[in-house]
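The values are calculated or read from the model by the stated rules, or taken from the named source; none is laboratory data. Keep in mind the model is a prediction, meaning the values are calculated, not measured. As a convention, Cβ positions derive from the backbone with ideal geometry for all residues, glycine included, and neighbour counts pool all protein chains shown. These area figures cover heavy atoms from the full protein model, side chains too; ligands, DNA and RNA do not enter into them. Shrake-Rupley method; radii C 1.70, N 1.55, O 1.52, S 1.80 Å.
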Amino acid sequence: MTAATGHNIDRELERFNNRMVEHNLTPTWAYYPELVAMAPPVAYRPYLWKAGLLDRVVGTAGELVDLERGGERRSFEVVNPDLRHIHGTTHTLGAALQLVQPGEIAPPHRHLANAIRFIVKGRGSYTAVEGERLYMEERDLILTPTWMWHEHGNETEAPVVWVDALDYPFNKLMQLSFFQPGASEDAGSRPIGFTSSRVGLVRPTWTSYPDEIPNVTYKWEETANTLNALRDEEGSPYDGILLEYVNPIQEGSVLPTMACYAQLLRPGERCKAHRQTSSTIHYVLDGEGYSVINGVRFDWGPGDFFMIPPWAWHEHANPGGGDAVHFVISDTPIMTSLKLWREEPYPEGDGHQETAETFAPLTWS
Ligand code: GTQ
Ligand code: FE2
């Protein structure tokens, strides 16, 4: 073959490739590196929302938003600026803050999205799941699994605020996001204590064991006691004392798509960096510290949210003299159940990243 012929063939091939694309065909030979990249081309950055900003918005939403005039929920998502099109905090999960005023009821509905609630402020409000009321106080966790009716009520004298986390971005990815509004007569009729009397160390012999995800309240006091009991153990080099909330029936994660954790970073603790195929959302409960995510330092304190995209190098540090405690949500169960779970330690030096810059969070302006 002469050089001229080779040149002609190259030109002809390029024309052919372009014409294929015009006919909605991808020539694998021309797109191979894009089709199967060496490192996953993650389409969004890590991000952090400060408590001061969130408090302002909760306060004003409490004044301006009237649930009686519709809107279903007085909640707002913490949205990654790269994921606005799906209202996602990560590509699979959306976290939100929700406020329910004294005397209010957020009406029953159900959706394919699974959800969790983690109480931030107030005590004695309830979420009814299939009609079964679960009363909650600060730092308690409850679940509203897929397609279960749920409504929220605040019979107390004070506003109640909680963290919501839902997997609706994952459902959207699956082209399966749907929702059904309900009337109070639809919302289920299970009595208070229905589930806790069937799931526990003692149970009624005349009923079969429930096979669905239970309506249990994960009381913070128990979780805090366990964190404390384990504080002198070595823990994880990457996550300190990290406890996973477990499903008491099926074991494993609380929901099929979402795992929840309580994390204790002890005074002076500096974790090593690693990366995982899951995406993660942190809500800071106590302590001031920082995390380095892909070389960017994120300083955090109580009431801040931050998130870590898949395959991003990340490490946490609590340089102060007190405990740092986080409530953490991840999509790990999606990855493990689909056998997509991978985890790597940071390979260089002493296991820590170089910090190139510090993240500048937004304030309300
Ligand atoms: O409380 O049912 O933040 O359905 C987003 C969607 C909360 C809820 C959100 C919801 C809810
Ligand atoms: Fe909902």
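Which residues, counting only those in region 92-134, are more than 22 Å from the chain's Cα centre (by Cα), more than 11 Å from ligand 1 (Cβ to nearest atom) and part of a strand (DSSP E or B)?
Ile105, Ser125, Glu132, Arg133
Going through region 159-193 one residue at a time, which ones are within 16 Å of ligand 1 (Cβ to nearest atom) and over 25 Å from the mean Cα position of the chain (by Cα)?
Gly182, Ala183, Ser184, Asp186, Ala187, Gly188
Looking only at region 69-85, how many residues end up being more than 13 Å from ligand 1 (Cβ to nearest atom) and either surrounded by 14 or more Cβ atoms within 10 Å (Cβ to Cβ) or closer than 17 Å to Val160 by Cα (or both)?
3
Which fully enclosed strands (runs of 3 or more DSSP E) of region 161-271 have 2 or more residues being modelled with pLDDT of 90 or more, hydrophobic (A, V, I, L, M, F, W, C) and under 28 Å from Gly131 (Cβ atoms)?
Counting at least 2 such residues, we get 259-265.
Working only within region 194-219, note down all residues that are open to solvent by 40 Å² or more (accessible area, probe 1.4 Å) and either within 22 Å of the chain's Cα centre (by Cα) or among the hydrophobic types (A, V, I, L, M, F, W, C) (or both).
Phe194, Leu201, Val202, Trp206, Glu212, Thr217, Lys219
State whether one or more residues within region 49-57 are under 29 Å from Glu344 (Cα atoms), outside any loop (DSSP other than H, G, I, E, B) and within 17 Å of the chain's Cα centre (by Cα).
Among the residues of region 49-57, at least one is under 29 Å from Glu344 (Cα atoms), outside any loop (DSSP other than H, G, I, E, B) and within 17 Å of the chain's Cα centre (by Cα), which makes the answer yes.
Answer yes or no as to whether Thr156 is out of contact with any His (no Cβ under 8 Å at 6 or more places or on another chain), surrounded by 12 or more Cβ atoms within 10 Å (Cβ to Cβ) and under 27 Å from Gly252 (Cα atoms).
Criteria not met by Thr156.
Please give the number of the condition Val42 fails out of (1) away from ligand 2 (no atom under 16 Å from the Cβ); (2) surrounded by fewer than 20 Cβ atoms within 10 Å (Cβ to Cβ); (3) modelled with pLDDT of 95 or more.
(3)
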